[in-house]
1. When the residues of segment 141-173 are filtered to those that are part of a loop (DSSP other than H, G, I, E, B) and in contact (Cβ under 8 Å) with a residue 60 or more places away in the chain, which remaining residue is farthest from L39 (Cα to Cα)?
2. Looking at V189, V176, can you tell me which residue is crowded, with 17+ Cβ neighbours inside 10 Å, assigned to a helix (DSSP H, G or I) and either in contact (Cβ under 8 Å) with a residue 24 or more places away in the chain or small (G, A, S) (or both)?
3. In segment 55-78, which residue that is of a type in the set (G, A, S) and surrounded by fewer than 18 Cβ atoms within 10 Å (Cβ to Cβ) is nearest to T35 (Cα to Cα)?
4. Looking at P33 and the list (1) surrounded by 20 or more Cβ atoms within 10 Å (Cβ to Cβ); (2) more than 19 Å from G173 (Cβ to Cβ), which single condition is not satisfied?
5. Need pairs with beta-carbon distance below 7 Å; first residue over 19 Å from W45 (Cα atoms) and within segment 88-102, second among the aliphatic types (A, V, I, L, M) and part of a loop (DSSP other than H, G, I, E, B); sequence gap 6+ or separate chains.
6. So in segment 36-57, with the set limited to residues that are of a type in the set (G, A, S) and touching a strand residue (DSSP E or B) at 6+ places or on another chain (Cβ under 7 Å), which one is nearest to P120 (Cα to Cα)?
7. Name the residues in segment 123-134 that are within 18 Å of C169 (Cα to Cα) and free of Cβ contacts under 8 Å to residues at least 60 places away in the same chain, would you?
Amino acid sequence: MATGERIELSTVTTANWVAKTSNFLVDDLETEPGTRIRLGLPSHWLTFVWILSAWNVGAAIVDSAADIGVSGPDLVADEPTRVAASLRPMGGRFPVSPEGFLDLGAEVPGHGDHFVALDPPSPSTIALDLTGEVRTHAEHLASVTPSGARRLVTPGSIRRDADLIAESCLGGGSLVIVSAATAEQLAAVGAQEAAEIH
């Protein structure tokens, strides 16, 4: 919001990003059901892509003891495998390759547009392990309320983001993700996008 950037992802484009990221996770990072991924990203469209991609390959979103750490441009991660997102428009790469990290903007786009899980997650696969609470896919889906609303999303926790994306996917809703905005700007965006502030 501070830069005035606006990026709109259709269902098809989002699915494409999820497929590419899922292929990256499996082909390059050898992710499998049970792999633990910590997302150190702010509420951003890439955050939601990574939540869906992790679930797609059977990985769990966690806040400790992770196998893979995903960082923003601040490059904060100490996991065995470290990847970073520049958060530049449309998932662009870092101007200079981040030392000690895989650059998502360089690594993900070259992967395939379709993903077929050879070992798909089951209802009993762990989806979340956050602040000591563990949820399987079945438990997580049962804990949220499907929503067909268009929601205006401000920065929040990974748990909240995981709930929001599940609710929107189940109910056919959509998310408008806004950062670094004043109350007046939020109200203006909400009116422009016909979205309810969440």
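The values are calculated or read from the model by the stated rules, or taken from the named source; none is laboratory data. If you're wondering where the values come from, they're calculated on a predicted model, not measured in any experiment. Ideal geometry is used to build each Cβ from the backbone, glycine not excepted, and the neighbour counts take in all protein chains shown.
1. Here the residue is T154.
2. Being crowded, with 17+ Cβ neighbours inside 10 Å, assigned to a helix (DSSP H, G or I) and either in contact (Cβ under 8 Å) with a residue 24 or more places away in the chain or small (G, A, S) (or both) holds for just one of V189, V176, which is V189.
3. A65
4. That leaves (1) as the condition not met.
5. Taking only residues 6 or more apart or on different chains, the pairs are P98/L75; F101/L75.
6. A54
7. If the condition is that a residue be within 18 Å of C169 (Cα to Cα) and free of Cβ contacts under 8 Å to residues at least 60 places away in the same chain, then P123 is the only one that fits.
Conditions (1) of a type in the set (V, I, T); (2) surrounded by 17 or more Cβ atoms within 10 Å (Cβ to Cβ); (3) modelled with pLDDT of 95 or more, marked per residue:
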| site | (1), (2), (3) |
| --- | --- |
| P80 | no, no, yes |
| P121 | no, yes, yes |
| A127 | no, yes, yes |
| T131 | yes, no, no |
| A138 | no, no, yes |
| A142 | no, no, yes |
| T145 | yes, no, yes |
| L164 | no, yes, yes |
